[in-house]
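Structure first, then comments.
The values are calculated or read from the model by the stated rules, or taken from the named source; none is laboratory data. Keep in mind that this is a model prediction, so the values were computed, not measured. Ideal geometry is used to build each Cβ from the backbone, glycine not excepted, and the neighbour counts take in all protein chains shown. Just so you know, the surface numbers come from the protein's heavy atoms only, side chains and all, with ligands and any DNA or RNA stripped out. Shrake-Rupley method; radii C 1.70, N 1.55, O 1.52, S 1.80 Å.
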Amino acid sequence: MGIEKSADILKSRVIQPLASLGKVILRSKRPSPACKPTDRPLIIMGNGPSLRSFIDAGPELREGYELMAVNFAANAPEFRELRPQMYILADPHFFNGRSTDSNVARLWENLSAVSWPMTLWLPLGHKAMAWPMLGSLPDNVAVKWFNLTPLEGKGALVRRLMKMGFGMPRPRNVLIPAIMTSLHAGYREIYLVGADHTWSQSLWVDDKNRVVSVQPHFYKDNEKEAERVASEYAGYHLHDILGSLTIAFRSYFDIADHASRIGARIINATPGSFIDAFPRCGYEQMLTRSRR
């Protein structure tokens, strides 16, 4: 038992940090500069089904908060009502699928029609692919860049790399870079809504041994997007999917540790969320905070 524990410590304190440093050297580029801490609270809006209850609660719940949207949120009718101050895209499909996926093309059209001040966060690793789309963005949309480089291990080296924006806990879900870029942008009080992460409730294997994963959103996915998601899961086995989920949920604990070290609070206000790394609150508490 002592030998196993020593091996785990060696891995987390030496091997993984050095491997993370190697990844940064090979993959990372200088990100957009970090911002000074702000006392303005931020709501990160995941696209899970429960975001509908947050939107239906009305604008009073959002007063006093800034908003961040993710992924295909700009294709939802509510996007122009919400008018988020920040937006993030991470998946390479948003940059290489414009000519083949009408949903991606519509997303960039909607981002190009934004009429309010908004910061769009994009991954440095996809900069070359994203570049052709940036010319259509209006002047009121500022583009900032972040690194998706996965960092693992414990200790000062990994913490320093995260704080400098050269990497983040393994980004298996867009909410991970959403939180990390928000911290880099100076937010120190962050609320999560629409972050259901209840994928395991809609995961099964059919009679042909194909893994089926239904990933509902607060908006209705069209048939083309449902087909794309199904095709991405083709060839994966159940242990692959469960392993990926494990990595995602573990990353939230790494984020919680990083946030506590820089004096930030991340609160999960998503009803029924499966994320167990952050303290919880309800909409009522958010409303009380907004009325202060």
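The stretch between Glu78 and Val214, if pulled fully straight at 0.36 nm per residue, gains 46.7 nm over its current Cα-Cα span. Among Gly186, Ala234, Pro132, whose Cα lies farthest out toward the positive end of the dipole of the stretch 108-259, if unit charges sit on the beta carbon of Lys, Arg (+1) and Asp, Glu (-1)? Value: Gly186. Under a model in which nothing but the beta-carbon of Lys, Arg (+1) and Asp, Glu (-1) is charged, the stretch 203-292 shows a dipole of about 640 debye around its Cα centre. Placing dummy labels 7 Å off each Cα toward the beta-carbon, the span from Ser244 to Ser102 is 2.6 nm. Here the label points at Cys35 and Trp204, each 7 Å from Cα along the C-beta direction, are separated by 4.4 nm in the simple model. Could you tell me which of Ser200, Val158, Leu148 has its Cα farthest along the dipole of the chain towards the positive end, charges placed at Cβ (Lys, Arg +1; Asp, Glu -1), taken about the Cα centre? Of Ser200, Val158, Leu148, it is Val158. Dipole magnitude for the stretch 145-201: about 280 debye, using +1 per Lys or Arg Cβ and -1 per Asp or Glu Cβ, origin at the Cα centre.
Surface analysis of the stretch 110-241 yields an accessible area of 48 Å² per residue, using protein heavy atoms and a 1.4 Å probe. Given +1 at the Cβ of Lys and Arg, -1 at the Cβ of Asp and Glu and no other charges, the dipole of the stretch 3-49 around its Cα centre is 260 debye to the nearest 20.
For the chain, the relative contact order is 25 percent, taking Cα pairs closer than 8 Å that sit 6 or more residues apart in sequence and dividing their mean separation by the residue count. Estimated from the Cβ-Cβ distance and a Förster radius of 45 angstrom, the FRET efficiency linking Asp276 and Asp139 is about 0.60. When a 1.4 Å probe is rolled over the protein heavy atoms, the share of accessible surface on the stretch 38-120 that falls to carbon and sulfur comes to 49 percent. Here the stretch 138-292 is treated as a Stokes sphere of Kirkwood radius computed over C-alpha pairs; at 4 °C and 1.567 mPa s its diffusion coefficient rounds to 74 µm²/s.
Accessible surface of Leu124, taken over heavy atoms with a 1.4 Å probe and every protein chain present, rounds to 10 Å². Shown here for the stretch 156-263: chymotrypsin sites (Phe, Trp or Tyr not before Pro) in loop regions (DSSP other than H, G, I, E, B) with at most 15 other Cβ atoms within 10 Å, namely Tyr236.
If the chain linking Ile262 and Leu287 were pulled fully straight, counting 0.36 nm for each residue of separation and taking away their Cα-Cα distance, it would gain 6.4 nm. Two numbers describe the Cα atoms of the stretch 152-208: Rg and Dmax, which are 15.7, 49 Å.
Here the average projected area of the convex hull drawn through the C-alpha atoms of the chain stands at 16.9 nm².
On the basis of the beta-carbon distance and an R0 of 41 Å, Glu63 and Leu18 show a calculated FRET efficiency of 0.30.
Solvent exposure of the stretch 1-43 amounts to 78 Å² per residue of accessible area, where only protein heavy atoms count and the probe is 1.4 Å. Semi-axis lengths, largest first, of the ellipsoid equivalent to the stretch 63-158 are 24, 19, 12 Å, with √(5λ) applied to each eigenvalue of the Cα gyration tensor.
Stokes-Einstein diffusion for the stretch 1-70 at 10 °C, viscosity 1.306 mPa s, with a Kirkwood radius from C-alpha pairs, works out to 94 µm²/s. Each eigenvalue of the Cα gyration tensor of the stretch 212-292, multiplied by 5 and square-rooted, gives one semi-axis; in descending order these are 31, 20, 10 Å.
The heavy atoms of Ile9 offer some 90 square angstrom of accessible surface to a 1.4 angstrom probe.
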